[in-house]
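*Asks:* Here you go, one structure.
The values are calculated or read from the model by the stated rules, or taken from the named source; none is laboratory data. Only a predicted model underlies this, so the values are computations on that prediction, with no experimental measurement involved. For neighbour counting, all protein chains shown are included, and Cβ atoms are generated from backbone atoms with ideal geometry for every residue, glycine included.
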Amino acid sequence: MAGVLMGVSATDAATPSKILFSHVTVTAAPLKGDSAVTMSITNDSSGPISLTSVSSPASASSMIFYDANMCQGNHAMSALANLLIEPGHTQKLAFKYQGAMLSGLHVALKKGATVPVVLKWSNFASAHSVTLHALVVKAPKGLKFLGSGPGMSGMSGMNMSM
């Protein structure tokens with residue numbers, strides 16, 4: 001499938017860390033709306049990493065969150081400062097449990113397009129980042145953002161430094 005990044009790696013020659021990103025998508029959304037970010041992050045390094053930010057130049061704000069199930073409508077979304085990924089483990093960002101979202105979109109996201117997504121993480125010795133191009137996909141039926149309206153940039157926990 002074009003646009004879906006599989007096995008994309010970000011490696012910093014100065015450190016032994018190797019982080020793999022796959023199945024990177026965002027959901028279609030209107031101008032000023034909200035979009036869910038999904039992907040798998042595999043930590044093939046020798047130590048833990050902390051995912052500290054998932055953002056995009058296409059949005060005013062972003063958030064890493066915990067939500068029991070965004071597609072059920074009876075959730076309680078909680079902002080997370082980071083996600084710890086142990087060596088040899090894969091962390092999925094999805095519509096259940098850990099996830100990420102973009103809010104206050106500067107452009108409408110239409111199915112089939114791509115949008116840049118910036119990931120930042122730390123291996124506790126240094127900070128790293130990579131820009132990936134996520135495929136825009138149709139939002140699953142029932143997807144709801146807590147307090148959803150035209151953007152959620154006022155929600156507690158949103159990263160406002162775009």
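*Asks:* Would you be able to say whether some residue in segment 6-14 is outside any strand (DSSP E or B), at pLDDT 95 or above, over 12 Å from the mean Cα position of the chain (by Cα) and not basic (Lys, Arg)?
*Replies:* The answer is no; no qualifying residue exists.
*Asks:* Something else: Every residue in segment 94-131 that is part of a loop (DSSP other than H, G, I, E, B), polar (S, T, N, Q) and buried (at least 18 other Cβ atoms within 10 Å of the Cβ), please.
*Replies:* The answer is 123, and nothing else.
*Asks:* If only one of 142, 88, 73 is exposed (fewer than 15 other Cβ atoms within 10 Å of the Cβ), modelled with pLDDT of 90 or more, not basic (Lys, Arg) and not in a strand (DSSP E or B), which one is it?
*Replies:* The conditions single out 88.
*Asks:* Do we find a residue being of a type in the set (D, E, K, R), within 22 Å of residue 142 (Cα to Cα) and touching a residue at least 24 places away in the same chain (Cβ under 8 Å) anywhere in segment 30-53?
*Replies:* Yes, segment 30-53 contains at least one residue that is of a type in the set (D, E, K, R), within 22 Å of residue 142 (Cα to Cα) and touching a residue at least 24 places away in the same chain (Cβ under 8 Å).
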